[in-house]
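Visitor: First the structure, which I've put down as C-alpha cells, then a few questions once you've had a look.
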Number of protein chains: 2
Amino acid sequence: MTIVAVGQTDLEVGNLPHNRQRIRRLLDDADHAGVQVLVLPELANSGYVFADRAEAAACAEHIPEGATCRLLAEWSQGGRLVVCGICERADDGTLYNAAAVFASGEHKTTYRKLHLFGKEGDLFAPGDTPLPVIAHGGFRYGVMICFDWLFPEAARTLALQGAHIILHPANLVLPYCQAAMITRSIENRIFTATANRYGEERGTVFSGMSQMTSPRGAVIVRAAERWRGVLSAALDLALAEDKMITERNHVLNDRRPEWYRL
Amino acid sequence: MTIVAVGQTDLEVGNLPHNRQRIRRLLDDADHAGVQVLVLPELANSGYVFADRAEAAACAEHIPEGATCRLLAEWSQGGRLVVCGICERADDGTLYNAAAVFASGEHKTTYRKLHLFGKEGDLFAPGDTPLPVIAHGGFRYGVMICFDWLFPEAARTLALQGAHIILHPANLVLPYCQAAMITRSIENRIFTATANRYGEERGTVFSGMSQMTSPRGAVIVRAAERWRGVLSAALDLALAEDKMITERNHVLNDRRPEWYRL
C-alpha cells in the first residue's frame with residue numbers, strides 16, 4: 001500500500017512568505033501522517049489572481065533552485081514523492097504555470113500546463129513539455145494541472161503511458177471537475193488525486209473539495225469546501241493495472257482508433 | 001426549439017411481436033407529445049440477453065426493410081427524425097448491434113456499434129461504420145450506442161464533426177453512464193439524449209434513468225429506474241454551437257493534439 005495525500009489550503013496572491021509557510025505546514029502535516037506521495041495545489045508558491053504579468057513575474061521562481069522547490073526537494077528525501085504547482089520563471093524569463101515533481105530528494109521533472117484557463121494566457125506561455133509519467137517505487141505517476149481535466153485526451157495520454165494515478169494540482173473555479181474526475185478514473189481505470197485551493201482571492205472563489213478517486217470511480221476521500229489540511233489514504237496502486245471493466249472489456253485495448261477522428 | 005425525446009421501455013428477448021408493440025406504443029406517445037427527434041433503446045427490436053448467436057440471428061432484421069424499421073420510417077414522415085437500436089442482419093448474414101436512423105420517411109444511415117460490451121462479441125461483428133453525424137432541419141445529430149459512452153474518443157469524434165446533440169440508444173447495465181454523460185456534455189459543450197431500457201432479462205438488470213443533458217452539464221430530464229414512456233423537452237440545439245466554457249476557452253480549439261499520445 002502507498003500512502004497518498006492531497007494537501008488543501010488557502011493562499012495569498014503575491015505573499016510569498018505566507019504561501020511558503022502554508023506549504024511548509026502541509027509538508028509537516030504530511031510528514032506526521034506518514035505520507036509517501038503528496039499532491040499540493042496549483043501555483044502554490046504564488047497565489048493565482050495576478051493583477052498583471054509583472055506581479056506574476058515577481059512571484060515566479062526557478063525550478064529547481066527556487067525557495068519553494070528547495071522545501072519540496074527536502075521533504076521528498078528518503079523515497080517520498082511530491083508534486084506542487086509552481087509559478088515558474090524559465091531561464092529566458094518566460095513564465096509558466098508549472099508542476100514540479102521531486103522524489104527521493106531530487107528534481108524528477110517539470111510539467112508546464114498545456115491547457116491554460118481564462119486569463120492565464122496573458123501571464124503564462126502555453127505548456128511546451130509532454131504530459132509526464134514518473135516511475136517511482138514500483139509505480140507510475142502521471143501529472144496534469146487543473147484545467148487539463150476538461151480534455152479527456154490529457155488523462156488518456158497519461159493512462160496510455162501506464163500511469164497508475166494522476167497527480168493533479170488545481171485551483172478550481174468551475175463546478176464540474178470533481179465529478180468529471182470520477183469519469184476520468186472510470187474511462188482509464190486509474191486513480192486520481194486532485195489537490196485544490198479553497199478561499200477567495202480578489203473576488204475569485206476556489207472550490208476546495210480536494211479528492212481522490214479509485215479506478216472503479218469511487219470517491220475515496222473528498223475534503224470540505226473550506227478546510228485546510230492533508231487528506232491521506234492507503235492506496236493499492238496496483239489495482240490500476242486491472243483495465244478490465246467487464247470480464248471481456250479492456251478500457252484501453254478496446255479502443256477503435258481507426259474509427260476516431262480526433 | 002426542437003422537441004427531443006427519449007423513449008424508455010422494457011423488452012422481452014426473442015419476443016418480436018411484443019417488442020414491436022412496445023416500440024409502436026413509444027412512437028404513438030411521441031406522436032401525441034409533438035416530438036420531432038426521438039431516441040429509442042439499443043436492440044429494441046430483439047431484446048438483449050440472447051442465449052446464443054442462433055437466437056440473436058432469429059431476432060435480427062434487415063435495415064431498412066425489416067418490420068421494426070418500417071415502423072420507424074413511417075413515424076419519421078413529415079420532417080421527424082428517429083434513431084433506434086436494431087439487431088441487424090446484413091446481406092451476408094453477419095449480425096451487428098446497430099442503430100438505424102430514419103428522417104422524413106427515409107433511411108438516413110446505419111451505425112454499427114464500435115465498442116462491443118461483454119459477451120456481445122460472441123454474437124455481433126464489431127462495428128465497421130463511422131460514427132455518424134446526420135444533418136437534418138438545420139442541426140447536426142450524432143449517434144453512438146450504449147458502451148461507446150466509456151470511450152471519450154467517440155463523443156469527441158461526433159463533436160468535432162459538428163454534432164449539436166448525441167443520440168444514444170442504450171441497454172445500460174453498469175452504474176456509471178448517466179454521470180459520465182454529464183462529463184461528455186461538458187467536455188464537448190454538446191447535448192446528449194440517452195434512451196435506456198429498464199427491467200430484467202435472464203438475470204441482467206437494466207438501469208432505466210434515461211436522460212438528456214445540456215452543453216453546460218445540466219441534467220435536463222432523467223427518468224425513474226423503472227418507468228415506461230417518452231420523456232421530451234424543447235431544446236435550443238443552437239446552444240451547442242457556443243463552445244466557450246469561459247470567455248477565453250473553446251473546448252475544441254483549445255486542444256493541444258501535438259502533445260497527446262493517443
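The values are calculated or read from the model by the stated rules, or taken from the named source; none is laboratory data. Since the model is a prediction, treat every value here as computed from it, not as a measurement. Note that each Cβ is placed from the backbone with ideal geometry, even for glycine, and that neighbours are counted across all protein chains shown. Calculation scope for accessible area: heavy atoms of the full protein, side chains included, ligands and nucleic acids excluded. Shrake-Rupley method; radii C 1.70, N 1.55, O 1.52, S 1.80 Å.
Visitor: Accessible area, 1.4 Å probe, largest first: how do B:ASP148, B:ASP31 sort?
Guide: Ranked from most to least accessible, the order is B:ASP31, B:ASP148.
Visitor: To continue, here is another question. Pick out, from B:PRO130, A:ALA218, B:SER104, the residue whose Cα sits farthest towards the positive end of the charge dipole of the protein assembly as shown, with +1 on the Cβ of Lys and Arg and -1 on the Cβ of Asp and Glu.
Guide: Farthest towards the positive pole: A:ALA218.
Visitor: In addition: Would you mind calculating the gained length between B:ALA218 and B:ARG25 on full extension (0.36 nm times residue separation, minus the Cα-Cα distance), in nm to one decimal?
Guide: Taking B:ALA218 through B:ARG25 to full extension adds about 66.6 nm, to one decimal.
Visitor: For the protein assembly as shown, which whole-number percentage of the solvent-accessible area (1.4 Å probe, protein heavy atoms only) is attributable to carbon and sulfur atoms?
Guide: The computed percentage sits at 48.
Visitor: Solvent-accessible area of A:TRP259, probe 1.4 Å, all protein chains present, reported in Å² to the nearest ten, please.
Guide: 60
Visitor: While we're here: Given springs between every Cα pair under 10 Å in a Gaussian network model of chain B, which of B:GLU12, B:GLU74, B:GLU247 has the largest fluctuation?
Guide: B:GLU247
Visitor: At 7 Å along the Cα-to-beta-carbon direction for both A:TRP227 and B:GLU225, put a label point, then send me their distance in nm to one decimal.
Guide: Distance between the two pseudo-spin positions: 2.8 nm.
Visitor: When each pair of different Cα atoms in segment A:20-94 is counted once in the 1/r mean, what is the Kirkwood radius in angstroms, to one decimal?
Guide: Kirkwood radius, segment A:20-94: 13.0 Å.
Visitor: Mind checking the per residue accessible area of chain A for me, 1.4 Å probe, whole number of Å²?
Guide: Averaged over the residues of chain A, the accessible area is 35 Å².
Visitor: Now, a different point. Output, in nm with one decimal and in ascending order, the distances from the B:PRO126 label point to the matching label points of the other copies (7 Å from Cα along Cα-to-Cβ).
Guide: 3.2
Visitor: A plus B alone minus the pair: what accessible area, both sides summed, probe 1.4 Å, in Å² to 100?
Guide: What A and B bury together is about 4000 Å².
Visitor: Dipole magnitude of the protein assembly as shown about its Cα centre, charges +1 at Lys/Arg Cβ and -1 at Asp/Glu Cβ only, in debye to the nearest 20?
Guide: Dipole of the protein assembly as shown, to the nearest 20 debye: 360 debye.
Visitor: Based on Cβ point charges of +1 for Lys and Arg and -1 for Asp and Glu, what charge dipole magnitude is obtained for segment B:2-259 about its Cα centre, in debye rounded to the nearest 20?
Guide: With Lys and Arg at +1 and Asp and Glu at -1, about 500 debye.
Visitor: Calculate, in whole percent, how much of the Cα-Cα pair population of the protein assembly as shown lies beyond 44 Å.
Guide: Cα-Cα pairs in the protein assembly as shown separated by more than 44 Å: 22 percent.
Visitor: Counting only the heavy atoms of the protein chains, how much of A:ASP52 is accessible to a 1.4 Å probe, in Å² to the nearest 10?
Guide: About 80 Å², rounded to the nearest 10.
Visitor: Continuing with this model, one more query. Using θ = phi - 60° and the Karplus curve 6.51 cos²θ - 1.76 cosθ + 1.60, what whole-Hz ³J(HN,Hα) does each residue of segment B:110-123 get, with Gly and Pro shown as x?
Guide: 10, 10, 10, 3, 6, 10, 6, 9, x, 7, 4, x, 6, 10
Visitor: Measuring from a point 7 Å out along Cα→Cβ, what nm distances, shortest first, does A:ARG202 have to its partners in the other copies?
Guide: Here A:ARG202 shows inter-copy label distances of 6.3 nm.
Visitor: Okay, moving on. Relative contact order for chain A using alpha-carbon pairs under 8 Å, separation at least 6, rounded to a whole percent?
Guide: Here the relative contact order equals 20 percent.
Visitor: Putting +1 on Lys and Arg Cβ atoms and -1 on Asp and Glu Cβ atoms, find which of B:PRO17, B:ILE245, B:CYS146 reaches farthest to the positive end of the dipole of chain B.
Guide: Of B:PRO17, B:ILE245, B:CYS146, it is B:ILE245.
Visitor: A further question follows. Assuming R0 = 35 Å, what is the FRET efficiency of A:GLU258 and A:ARG53, from their Cβ-Cβ distance, to the nearest 0.05?
Guide: Efficiency, from the Cβ-Cβ distance: 0.20.
Visitor: When chain B is modelled as a GNM with alpha-carbon springs shorter than 10 Å, which of B:GLU65, B:GLU106, B:GLU120 fluctuates the most?
Guide: Taking springs between Cα atoms under 10 Å, the residue moving most is B:GLU65.
Visitor: Taking every pair of distinct Cα atoms and averaging 1/r, then inverting, what Kirkwood hydrodynamic radius in Å comes out for segment B:2-259?
Guide: 17.9
Visitor: State the Cα centre-to-centre distance between segment A:197-213 and segment A:14-72 in whole Å.
Guide: 16
Visitor: Return the distance in nm (one decimal) between the two label points of a simple spin-label model at A:GLU241 and B:ALA234, each offset 7 Å from Cα along Cα→Cβ.
Guide: 5.7
Visitor: May I ask you to report, in nm to one decimal and beginning with the shortest, the distances from B:ALA51 to the same position in the other copies, taking label points 7 Å along Cα-to-Cβ?
Guide: In nanometres, ordered from closest: 7.9.
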